[in-house]
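Here is the structure we will look at.
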Amino acid sequence: KDIPGTSAVSPSSSKECAPDSESPSGAGEADYCRRILVRDAKGTIREIVLPKGLDLDRPKRTRTSFTAEQLYRLELEFQRCQYVVGRERTELARQLNLSETQVR
């Protein structure tokens, strides 16, 4: 979507990548990338090459808001041991009412 200091020109300005003539397989760049035209703050149009698999329309994951108590406990554990794994991680997550992924 938005890139700092840029704005999309228009949806119709996006185009698929042209085949790479130097590619030995002949498949070329079009198989894995797309080009998007953007206009920077000065009005200059630039072309950006992005992987096709990059889903720009997918909503971003919301950031976890930790409580002051959770942050305090997580910081204490980090000072004690930088990598909390196994049962310690499971127990800390349970005590803080967080998922194990959030206690990394």
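Overview of results
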| read-out | value |
| --- | --- |
| Efficiency of FRET from Cβ geometry, Ser65 and Asp40, R₀ 35 Å, rounded to 0.05 | 0.55 |
| Stretch gain in nm, segment Leu56-Val85, where the contour uses 0.36 nm per residue and the Cα spacing is subtracted | 7.1 nm |
| Table column - 3J(HN,Hα) (Hz), segment 55-65, Karplus curve with 6.51, -1.76, 1.60, x for Gly and Pro | 8, 6, 8, 5, x, 6, 5, 6, 7, 5, 9 |
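Bear in mind these aren't lab numbers, they're just calculated from the coordinates by the rules spelled out. Given the structure is predicted, the values throughout are model-derived calculations rather than measurements. Quick reminder, even Gly has a Cβ in these numbers, built from the backbone with ideal geometry, and neighbours come from all protein chains shown.
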